[in-house]
Amino acid sequence: MPGIALLDWSAQDLRSATIDYIQSRRTFASVGDRPADLTLTVKAWLTMRSRGNYRYNLRLESALGPSENTPIKSYLVEKETVGSSVRWVTTSDQTPIAEAVQAALDDLLSQIEADHPLYSKGPR
């Protein structure tokens, strides 16, 4: 495929997007990148394929639970978006990657919100 081979997407981009998204969604009382009562760990893999148009696949493996303890529950989310058929610069990746991140975080936070009783304090 014509275009460039380098895929430019940093871990800091994902960290910032995740924190900003979770803050705006207000799933948790507060959000930051330091340990708290509950810690959400997110491992991400971004792959790009070219078959016609470029396809970006984002896989998030996440776990949520009390800090420094075994997570209460794990989550898996995979989302794919389609970009253009030609990549002239690495910035052409940003829109489809942002769409994949948004869709993946929507799915992840919906799952976490559905599991709210698992994480709420009080007698179980």
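Readers should treat all values here as calculations from the given coordinates under stated rules, not as data from a laboratory. Bear in mind that the values here come from a model prediction, so they are computed numbers and not experimental data.
Annotations
- Solvent-free Debye scattering, log10 I(q)/I(0), computed from the Cα coordinates of segment 11-117 at q = 0.14, 0.18, 0.21 Å⁻¹: -0.58, -0.88, -1.11
- In this structure the amide hydrogen of V31, modeled in the peptide plane, comes within under 5 Å of no amide hydrogen from residues 5 or more places off or on another chain.
- Length gained on full extension, R49 to E61: 2.3 nm, using 0.36 nm per residue less the C-alpha separation.
- Listed values for segment 72-79 are Karplus-derived 3J(HN,Hα) couplings in whole Hz (6.51 cos²θ - 1.76 cosθ + 1.60, θ = phi - 60°), namely 6, 8, 10, 9, 10, 9, 10, 9, and x replaces Gly and Pro.
- Per-residue HN-Hα couplings for segment 53-69 [Karplus 6.51, -1.76, 1.60; θ = phi - 60°; Hz; x = Gly/Pro]: 8, 5, 10, 10, 10, 10, 10, 10, 10, 10, 9, 10, x, x, 4, 6, 10
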